[in-house]
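The values are calculated or read from the model by the stated rules, or taken from the named source; none is laboratory data. Here the structure is a predicted model, which is why all the values come from computation and not from measurement. Glycine also receives a Cβ, built like all others from the backbone with ideal geometry; neighbour counts cover every protein chain displayed. Just so you know, the surface numbers come from the protein's heavy atoms only, side chains and all, with ligands and any DNA or RNA stripped out. Shrake-Rupley method; radii C 1.70, N 1.55, O 1.52, S 1.80 Å.
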Amino acid sequence: MAKNNSLSIVIPAYNEAARLGRTLDRVLAFVSEQGWNVEILVVDDGSTDQTADIVRAYAEKSPIVRLIANPGNRGKGFSVRNGVLNATGDVVLFTDADLSAPIEEAVKLLDAIDGGADIAIGSRWLRSDLQTRRQSVARQALGRVFNGLLRVLLGLDFKDTQCGFKAFRAGAARATFPLQKIEGWGFDPELLFLAQKFGFKVAEVPVVWAHDDRTRINPLADGARMVADMLRIRWYYLSGQYGTRHPLRAAAAGVSEAQRRRV
């Protein structure tokens, strides 16, 4: 990460008491080794276990840890947006609470940002040999179908939009996240669709990744919802619900260039 830049790490969490302590220990140890100027925002999505209490305990010991509480259970998309909009860093990175992509892989995303990207997205499929534990064949097949639909319906030419490991320059985050309307699992394509329409440079970066069998995504039910979300995104855009196209794109590009000069 560029010298003197600050980093915000957003971790959405819903009933993550069983593994959140280990995750925070690993993240805190890593950022301490790097010597980065960091804040860690854990967004509690209306958990019914001890998730919030665990974050409060860590926050008492470490001033860089903050708890952000959602107004009830709103979904991963809402959680990530809530965390990003409360972040203060020059770069904002969000990662899943299970660290399926190890936090050490953040260096790759930040290097892409330093290299000129406005947004860097972790990818499980640019180099599938980096996957240490793969999804089932059925999940992989459904993922390929989903990816094909993204290309057709939204024009997103990425190998992997759904990896929960992405970094944004603050300017790109401020231009896209306030417009985000999808609160569930389909929020990633919406952000990338907006980024593409606004002219931001998006770098897809291969990362080490391990599938966690405890994932809460149901391939069929949530897959159907994400296809519906794709159609909603297309409708929102065509009906002007993201705002007037060209002024927004110009404004976003202006913010991006200003951020680039700072880095």
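In region 7-17, is there at least one residue being aromatic (Phe, Trp, Tyr) and either open to solvent by less than 20 Å² (accessible area, probe 1.4 Å) or within 19 Å of residue 169 (Cα to Cα) (or both)? No, region 7-17 has no match at all. Before we move on, is residue 155 farther than 13 Å from residue 81 by Cα and surrounded by fewer than 17 Cβ atoms within 10 Å (Cβ to Cβ)? Answer is yes for this residue. In region 49-93, the qualifying residues are those that are among the hydroxyl-bearing types (Ser, Thr, Tyr) and under 30 Å from residue 117 (Cβ atoms), and the one that is least open to solvent (accessible area, probe 1.4 Å) is 79. A count restricted to region 94-105 and to residues that are open to solvent by 10 Å² or more (accessible area, probe 1.4 Å) and of a type in the set (Ser, Thr, Tyr) stands at 1. Summed over region 45-75, the residues that are closer than 22 Å to residue 181 by Cβ and either touching a Ser or Thr at 6+ places or on another chain (Cβ under 9 Å) or small (Gly, Ala, Ser) (or both) give a count of 8.
Scanning region 171-192 for residues that are open to solvent by 10 Å² or more (accessible area, probe 1.4 Å) and within 21 Å of residue 111 (Cβ to Cβ) yields a total of 0.
Residue-by-condition table, conditions (1) of a type in the set (S, T, N, Q); (2) on the phi > 0 side of the Ramachandran plot:
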position: 24; (1), (2): no, no
position: 28; (1), (2): no, no
position: 38; (1), (2): no, no
position: 42; (1), (2): no, no
position: 46; (1), (2): no, yes
position: 55; (1), (2): no, no
position: 62; (1), (2): yes, no
position: 77; (1), (2): no, no
position: 85; (1), (2): no, no
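Residues of region 61-84 include at least one that is within 20 Å of residue 200 (Cβ to Cβ) and out of contact with any helix residue (DSSP H, G or I) (no Cβ under 6 Å at 6 or more places or on another chain). Scan region 104-146 residue by residue and report those that are at pLDDT below 95, closer than 25 Å to residue 169 by Cα and touching a Lys or Arg at 6+ places or on another chain (Cβ under 7 Å). If the condition is that a residue be at pLDDT below 95, closer than 25 Å to residue 169 by Cα and touching a Lys or Arg at 6+ places or on another chain (Cβ under 7 Å), then 123, 125, 126 are the ones that fit.
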